[in-house]
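See below for the structure under consideration.
The values are calculated or read from the model by the stated rules, or taken from the named source; none is laboratory data. No experiment lies behind these values; they were computed from the predicted model shown. Heads up, the Cβs are rebuilt from the backbone with ideal geometry, glycines too, and the neighbour counts pull from every protein chain shown.
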Amino acid sequence: MEAAQGAEHRHAAAEAAKYRGVIAFMNSPREALAHYRRVLEYNPEDAQAWNQVGGLRYRLGEITEAEAAFQRARELGQKASDREIIAKALGNLGLVAETRGELDKAEDYYNRALDLDEALGRKQGMAVNLGNLGIIAKIRGDLDKAEAYYNRALELDEALGDKQGMAITLNNLGNIALDRGEPDQAREYYRRSLALLEEVGAKLEIEQVKGNLRGLDGE
């Protein structure tokens, strides 16, 4: 009985720490990291917590530590045959590789994540990975391929009603138009993006898109 009660206590404590981590994730990454590390003290095999730790490490610029956390999440996902966890971890590892300038490696991770998400019918994951593949294509200068990826991502975001996802993709399409020397088309994309971001109150992204519009106006 005592052992069972102890296990229940650890589970409750882990869930409480996870909840606090979710609350702090966006505004206080250091605080959130402390909460998720506590989750892992209670349950070292919580793959989702490892993914969250990796995301927080990445936001804090701790790329090596982020990669290790994402790899651990992938290992645990493989152990549990949890394809959703594996897909998320692969996408995150792609982000690490992209940050390091390892574009071929990043593309491979994103494609593997996309394949899993398609098999699972995870539209949100598909949209994210398509957007990331679009970024890779744009970096390489293949604007047509990038645009195709972004348009596929936008269709999924629209189907999901994901306004922030739509806004990010519209901003990316604006960047494509700008690179092609189509400022009027770029402005239209940026304005649509800004309107959606203002609806959801995404302050950082709002400033980024406003900066793009100011750049078009020569400010």
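Can you tell which of R112, R140 is among the basic types (K, R), exposed (fewer than 15 other Cβ atoms within 10 Å of the Cβ) and at pLDDT 95 or above? Don't jump to the end; show me each part of the working.
Details: R112 fails: exposed (fewer than 15 other Cβ atoms within 10 Å of the Cβ).
Matching residue, one of R112, R140: R140.
For region 195-215, indicate whether the set of residues that are modelled with pLDDT of 95 or more, in contact with a helix residue (DSSP H, G or I) (Cβ under 7 Å, 6 or more places away or on another chain) and not in a helix (DSSP H, G or I) is non-empty.
no
Table: residues versus (1) under 21 Å from E31 (Cα atoms); (2) more than 14 Å from the chain's Cα centre (by Cα); (3) surrounded by fewer than 22 Cβ atoms within 10 Å (Cβ to Cβ).
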site	(1), (2), (3)
V53	yes, no, no
L60	yes, yes, yes
E75	no, yes, yes
R83	no, yes, yes
L90	no, no, no
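Output yes when any residue across region 88-101 is at pLDDT 95 or above and farther than 29 Å from K145 by Cα, and no when none is.
Scanning region 88-101, I find no residue that is at pLDDT 95 or above and farther than 29 Å from K145 by Cα, so the answer is no.
Of A106, A97, A87, which residue is within 15 Å of I139 (Cβ to Cβ) and touching an Asp or Glu at 6+ places or on another chain (Cβ under 7 Å)?
Exactly one residue qualifies, and that residue is A106.
Restricting region 62-73 to residues that are more than 14 Å from the chain's Cα centre (by Cα) and of a type in the set (A, V, I, L, M, F, W, C), which is surrounded by the most Cβ atoms within 10 Å (Cβ to Cβ)?
That would be A73.
Restricting the first residue to region 161-174 and requiring it to be over 16 Å from E188 (Cα atoms), which pairs with a second residue that is of a type in the set (S, T, N, Q) and in a helix (DSSP H, G or I) meet a Cβ separation below 8 Å and a spacing of at least six or different chains?
D162/Q124; G165/Q124
When the residues of region 132-145 are narrowed to those that are in contact with a Lys or Arg (Cβ under 9 Å, 6 or more places away or on another chain) and small (G, A, S), which ends up farthest from E84 (Cα to Cα)?
Per the criteria, the residue is A137.
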